[in-house]
Amino acid sequence: MDMNQYLSMFIDEANDHLQALNENMLQLESNPEDIAIVQVIFRSAHTLKGMAATMGFEDLASLTHQMENVLDLVRNDKLKMQDFIFDTLFKSLDALQSMVQDIVEGGDGKADVTSIVDNLQAIVRGEKPGSSPSGGAAGASASQSQAKTALELDEFQQSVLEQSMNEGHKAHYIEVTVREDCQLKAVRAYMVFDLLERFGEVVKSYPTVQDIEQEKFENSFSLYYITQKDAADLESMIMNVSEIGAASVMPLDKESLQQLVSSASSQAAAAVETPEKPSAPAQDQTAAPAAAASAAPKDAPAKKPAAGGAPAPSRTIRVDIERLDVLMNLFSELLIDRVRLEQLAGEIKRSELTEAVEHMTRVSSDLQNVVLKLRMVPIDTVFNRFPRMVRDLAKSLNKKIDLVITGAETELDRTVIDEIGDPLVHLLRNAVDHGVETIEDRLAAGKQETGTVQLKAFHSGNHVFIEIIDDGRGIDRSKVAAKAIKNGILTEEQAKAMSDDDIALLLFAPGFSTAEKISDISGRGVGLDVVKSKIESLGGTVLVTSTLGQGSKFSVQLPLTLSIISAMLIKTGDEKYAIPLSSIVETGLIKRSQIREVHGYKMIPYRNANIPILSLKNIFDIPGFDEENEEETEIVVIRKGDRLAALTVEEFIGQSEIVIKNLGSYLPAVQGISGGTILGDGQVALIIDPNAFIK
């Protein structure tokens, strides 16, 4: 069977399972006695193993199987979780992640994990009760000691088979033998069960599915099966599974069924139990009532139950990101045409046309909201990798740190989500490395030995705020200022006039660092300029507040979306520009006589303060407008964080929804321009980046 068509699905689901494994392992590390979490981890690992085996990634399946052996001992209360077991399991997850990443990049998912496997096997051997390993070979031999015999059925199971035969279905007794040299017996058995369940129902198996999954069987297993397939077809199908040595399929009628059941030994009856249905496709016992079995259409794949209960319709589907991008591009064109129609309707002034355009505007506005919501992704997709990262960093630095995450359900546009991960990683690593003190330093300062790092996300207006707060040592103003003066960034007079928050922002200057020793984890200032540049390229800002001895807060402000925004259209000379509304404080008029020159900068009075005023005409060398001879000029007050500036413009065109278009690689990067948009009359307006004008 060609598995390539399922590869993308495997990668998505494998990543989901690995993320769930990481999260649940962290939860288990906090509550090592909670067997319920172990059960969840075991089921997730088992499902991942089955998926990998089905796709042919045997190294991945084999390593996951070794993890299962350890988890099986824990969930059966035969092994207590300890630090070295957690470390080994986390290393196993890292190796699995690397294998999946290799598959993503076109590789075969193979890796040398011998040392990890040896450690896992050592854990199993070292925790065996008495003289035999728990749940391992001894458990297998217990099952193997049972005579290979027919299965005894209870009344319900027997009635399922008989009623199915009455209604035209075929019942079979199947025995399957796995080759002696097979390295992954449980995986091969899983593949047989998965194959059979596409064409019918397994009524009962021996050994139980749970024992088969844990390789607690010798080399063979048997089962009762309902289908429409003939015995010869079934034998051929089973023998096509790799490393299957033999397959015997016995067609049953009522007489042969009675003979088979009556010949079942009491020993076999004691061995056959009814385990809880696993989440894997291989299922056991009475998989469905007789009515459900008889209702199955000929050769139809068996419908598998949802994990933990009855089948339920799925409420979600996976959509390729490229399709969403195509949808957004098509809607962008529709929005441009809508603006054009609104303009034409205003010129023609016919009531019928105006009404139709107004209706189209309402409908397209609703459509715009739907399209934008489709692209919104919970920031949890970024946050969920941080607990594991902080845990590993804290262990390597010999620190105790609690990571508290709030607002993970906050949604951001996918384009922002894709870009914000790395800056947040760096800010978190800084908080762990330089923010939170060592255990000794915290105790000496009268603090709890466990430091706290908070990661918060929340909406405010058209922005999302992400805050990283630590209760560590804080930022030493004097040390930062001294370094800035030494590097020639500031003079002593300038440093004295700056607030603590302004001094803290110097950490984002290129190459700036106060660290006495640069670690391979992070260094305040080493890379923080890159963090700032990335956030500002997304139309965001970053602010720092800190109290010495109490901790620091890094606050990142981001726009909700980077695709369609509300903007103020303005005209200066022969050019039209768009300024994002999210950056505008207000608009107004200023008299030329109010403009003052202070230290070489032009300033205007604004709300009991003075703010710089900049001329768009001069910045972009715009022809067709002589603002120097104007007695008063219109201005736009823009904001970057808590800093303000004013831009002079010739006239305001009005507010509009605009589609952001990339300028492409043909044009060099223009300072102060973040992109372009197409207006209703077909003209192109450049989108101003206010962040570039405020330093």
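Quick notes on this structure:
- Filtered residues of the stretch 392-416 (kept if at negative phi, more than 13 Å from the chain's Cα centre (by Cα) and not in a strand (DSSP E or B)): Asp392, Leu393, Ala394, Lys395, Ser396, Leu397, Lys399, Thr410, Thr415, Val416
- Filter result for Asp211 (surrounded by fewer than 19 Cβ atoms within 10 Å (Cβ to Cβ), modelled with pLDDT under 90, charged (D, E, K, R) and not in a loop (DSSP other than H, G, I, E, B)): no
- Of residues in the stretch 346-398 being small (Gly, Ala, Ser) and within 28 Å of Asp320 (Cα to Cα), the one surrounded by the most Cβ atoms within 10 Å (Cβ to Cβ): Ser364
- Candidates Val40, Val70, filtered to the one that is in the same structural domain as Asp108 (by TED's automatic domain parsing), at pLDDT 85 or above and surrounded by 20 or more Cβ atoms within 10 Å (Cβ to Cβ): Val70
- Unique residue being touching a residue at least 12 places away in the same chain (Cβ under 8 Å), part of a helix (DSSP H, G or I) and not assigned by TED's automatic domain parsing to the domain that holds Thr410 when the list is Val382, Val371, Val363: Val371
- Among the candidates Gly676, Gly624, the residue that is small (Gly, Ala, Ser) and at pLDDT below 75 is uniquely Gly624.
- Complete set of residues in the stretch 65-95 that are farther than 23 Å from Lys185 by Cα and part of a helix (DSSP H, G or I): Asp83, Phe84, Ile85, Phe86, Asp87, Thr88, Phe90, Lys91, Asp94
- Qualifying positions in the stretch 412-426 - buried (at least 21 other Cβ atoms within 10 Å of the Cβ) and under 17 Å from Ser555 (Cα atoms): Leu412, Val416, Ile420, Pro423, Leu424
- Out of Glu197, Glu218, sole residue that is in the same structural domain as Val160 (by TED's automatic domain parsing), on the phi < 0 side of the Ramachandran plot and surrounded by 20 or more Cβ atoms within 10 Å (Cβ to Cβ): Glu197
- You will find that of Ser8, Ser98, Ser62, the residue that is over 21 Å from the mean Cα position of the chain (by Cα), assigned to a helix (DSSP H, G or I) and surrounded by fewer than 21 Cβ atoms within 10 Å (Cβ to Cβ) is Ser62 and no other.
- Residue that is nearest to Asp118 (Cα to Cα), among those in the stretch 43-59 that are assigned to a helix (DSSP H, G or I) and either without any contact (Cβ under 8 Å) to a residue 60 or more places away in the chain or in the same structural domain as Val209 (by TED's automatic domain parsing) (or both): Asp59
- Test: residue in the stretch 623-632 that is polar (S, T, N, Q) and surrounded by 15 or more Cβ atoms within 10 Å (Cβ to Cβ): no
- Within the stretch 152-172, residues that are under 23 Å from Pro207 (Cβ atoms) sit with their Cβ atoms under 7 Å from residues that are among the charged types (D, E, K, R), at 6+ positions apart or across chains, in these pairs: Leu153/Lys204; Gln157/Lys204.
- Which numbered condition Ile590 fails, given (1) within 23 Å of Ser365 (Cα to Cα); (2) modelled with pLDDT of 85 or more; (3) out of contact with any Pro (no Cβ under 8 Å at 6 or more places or on another chain): (1)
- Every residue from the stretch 679-695 that is assigned to a strand (DSSP E or B) and surrounded by fewer than 19 Cβ atoms within 10 Å (Cβ to Cβ): Val684, Leu686
The values are calculated or read from the model by the stated rules, or taken from the named source; none is laboratory data. From a predicted model like this one, the values you see are computed outputs, not experimental measurements. As a convention, Cβ positions derive from the backbone with ideal geometry for all residues, glycine included, and neighbour counts pool all protein chains shown.
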